[in-house]
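Any read-out appearing in this document is the output of simple, stated calculations on the displayed coordinates, not a laboratory observation. Bear in mind that the values here come from a model prediction, so they are computed numbers and not experimental data. Positions of Cβ are generated from backbone atoms using ideal geometry, with glycine treated the same way; all protein chains shown enter the neighbour counts.
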Amino acid sequence: MRNYLATHGGTLPGWNKQQTERPTSYMMSTKFKGLLVIQMGNHRIIANRIGKEVLPYLEALGLDEKVFTTPGFQCKPMLKQ
């Protein structure tokens, strides 16, 4: 995540509804808390809405919402150039 921010600039949602340039793994884990994925047979669905604070973290990790519903999903490498 920090490589992504260093390369692309910007910030991510942090504590107390403020933005941060130095997110921690614990901070990220709190943003995904409460996200539920239901598997019904071979299909997976997200049981609740993905919070608006989750999407920037997914982007910084090279992922999108499909990571939760598509087995074998491949991320985009986000390495610093």
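Would you please give the FRET efficiency between ALA47 and ARG22, computed as 1/(1 + (r/R0)^6) with r the Cβ-Cβ distance and R0 = 35 Å, to the nearest 0.05?
The formula returns an efficiency of 0.65 here.
Mind sorting out which of [x] 1.22; [y] 1.49; [z] 1.17 is the real Cα Rg over 2.2 N^0.38 Å computed from the coordinates?
[z]
With springs only between Cα atoms under 10 Å, which of LEU35, LEU63, LEU55 fluctuates most in a Gaussian network model of the chain?
Sorting by GNM fluctuation, first place goes to LEU35.
Using helices alone, what [θ] at 222 nm do you get for the chain, with -39,500 (n - 2.57) per DSSP H run of 4 or more residues, divided over all residues and rounded to the nearest 500? If you can, show how the numbers build up before the last one.
Values: 3 runs with 21 residues, N = 81.
Computed mean residue ellipticity for the chain: -6500 deg cm²/dmol.
Scan the chain and hand back the longest stretch that contains none of the trypsin sites (Lys or Arg not before Pro) lying in DSSP loops with at most 16 other Cβ atoms within 10 Å. Write down the numbers at each step before the final one.
On the way: sites that count: LYS33, ARG49, LYS52, LYS80.
The answer is 1-32.
Grab the beta carbon distance between HIS8 and MET40, set R0 = 30 Å, and tell me the FRET efficiency rounded to 0.05.
In this case the efficiency is close to 0.25.
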